[in-house]
Every structure is written in C-alpha cells, then in structure tokens.
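> Can you keep this structure in mind? I'll have questions shortly.
Bear in mind these aren't lab numbers, they're just calculated from the coordinates by the rules spelled out. As the structure is a computational prediction, the values presented were derived from the model and not from experiment. Cβ sites come from the backbone with ideal geometry, for glycine too, and all protein chains shown count toward neighbours.
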Amino acid sequence: MKTEQTSSILELQNILKEVRAAEDSQDSDIEPLYEKLLEYLKCSENSREELVQVLTAAVCHFRNARSDGRGELSIDAIAYCMHELRWDEVLKVAIEEHRSYFVPRRSSTLIRLIEAFEDDWSEAEDYKRYANHDGA
C-alpha cells in the first residue's frame, strides 16, 4: 500500500512539472495539461488523502509566494480541478487561508480558487471543458 501511494505521488509530481513547464512557457493551450491533472486526480481516489495534502500544501504556499517563489501548482490549475472535484478539504483550507492571511492584508489572491467551487464560476467560460454546460 505504501509503495502504491509513493508511486502515486511520484506520478503526480511528474504531472505537476509538466503543468508548471507549460505555464512558464505561457503556452496558450494549457487546458490539456490541466485536464490531465484533473483526470489523474479523479482516477486516484484510493490516494485521495495524500493528494489532498499536496493540494492543500500548494494552497498554503500562496501566502509565502513572494519570498519563496512559485509553488508546484498555480491557482488556475487548482481551480480548474476543484471546479469539478469540489473536494471539501481543499475548499476549507482555501477559505481558512483567505480569512486568516489574505483578508487582513486586503488581498483577494484566493478568491478565484474559492469561486471555482461554485456552479456559476465566472472563469469556467475560459475552458472548453466547462464552457458548454452549467457546472461540474
């Protein structure tokens, strides 16, 4: 079981590297990689606890992004996946980070991620997967 989880996390790390490389290159068609990440998360339900840890660590990293540099995942990548998955664990961390860190600094950094959990996410129209229907 532990070997399976380690393998799962290693596979996720490889996907995250692909996503980050495409984002860094400002590839105009990033959606296929976001979709690859989403499909991986959907197919890895048996490793959800570990995957949630990776995603919530990415959310928590945004508070230190100025000093520590960019993390493994962008808000856009997480939002794309969470619009469909709606993992409560990720939403709770995003809301708590927003309230405890960003609101006192009058920053709306995590609002885009939090809004992705809603059926009427305004950025859904930017993605082919979500543009043609009303929600996840």
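> How large is the dipole of the chain about the Cα centre if only Lys and Arg carry +1 and Asp and Glu carry -1, each at its Cβ, rounded to the nearest 20 debye?
For this selection, approximately 640 debye.
> Using the Cα centre as the reference, give the magnitude of the dipole from point charges on the C-beta atoms of the stretch 84-136 (Lys, Arg: +1; Asp, Glu: -1; all else neutral), rounded to the nearest 20 debye. Please list the in-between numbers first.
Working: 8 positive and 13 negative charges, 70 e Å.
My answer is approximately 340 debye.
> Mind running the shape call on the stretch 42-135? Use the C-alpha gyration tensor, a ≥ b ≥ c as the square roots of the eigenvalues: rounded below 1.5 for a/c, prolate if a/b tops b/c, oblate otherwise.
Values: a/c = 1.81, a/b = 1.25, b/c = 1.44.
In terms of gyration-tensor shape, oblate.
> Mean residue ellipticity at 222 nm from the helices of the chain, using -39,500 (n - 2.57) per DSSP H segment of n ≥ 4 over the full residue count, to the nearest 500 deg cm²/dmol?
Numbers: 8 runs with 84 residues, N = 136.
Roughly -18500 deg cm²/dmol at 222 nm, from the helical runs in the chain.
> Now for a separate question. On the first, second and third principal axes, largest extent first, how far apart are the outermost C-alpha atoms of the stretch 1-92 in Å?
36, 27, 24
> Okay, moving on. Using Cα-Cα distances under 8 Å and only pairs 6 or more residues apart, what relative contact order does the stretch 1-121 have, in percent?
Values: 99 pairs, mean separation 29.1, N = 121.
Reported as a whole number, the value is 24 percent.
> How long is the gain from E125 to C43 if the chain were fully straight, where each residue apart is worth 0.36 nm and the alpha carbon distance is subtracted? Mind dumping the intermediate values first?
Values: separation 82, 0.36 × 82 = 29.52 nm, distance 2.47 nm.
Extra length from E125 to C43 when fully extended: 27.1 nm.
> Counting alpha carbon pairs within less than 8 Å and at least 6 residues apart, what relative contact order, in whole percent, applies to the stretch 88-136? Please report the intermediate quantities before stating the final value.
Numbers: 31 pairs, mean separation 12.5, N = 49.
Relative contact order, the stretch 88-136: 25 percent.
> Apply 1/(1 + (r/R0)^6) to the Cβ-Cβ distance of R105 and V54, taking R0 = 30 Å, and write down the FRET efficiency to the nearest 0.05. Spell out each step's value before the answer.
Details: r = 25 Å, r/R0 = 0.84.
So the FRET efficiency works out to roughly 0.75.
> Which net charge results for the neighbourhood of H98, defined as the other residues with beta-carbon distances under 12 angstrom from its beta-carbon, given Lys and Arg at +1 and Asp and Glu at -1?
After counting each charged neighbour, the total is +3.
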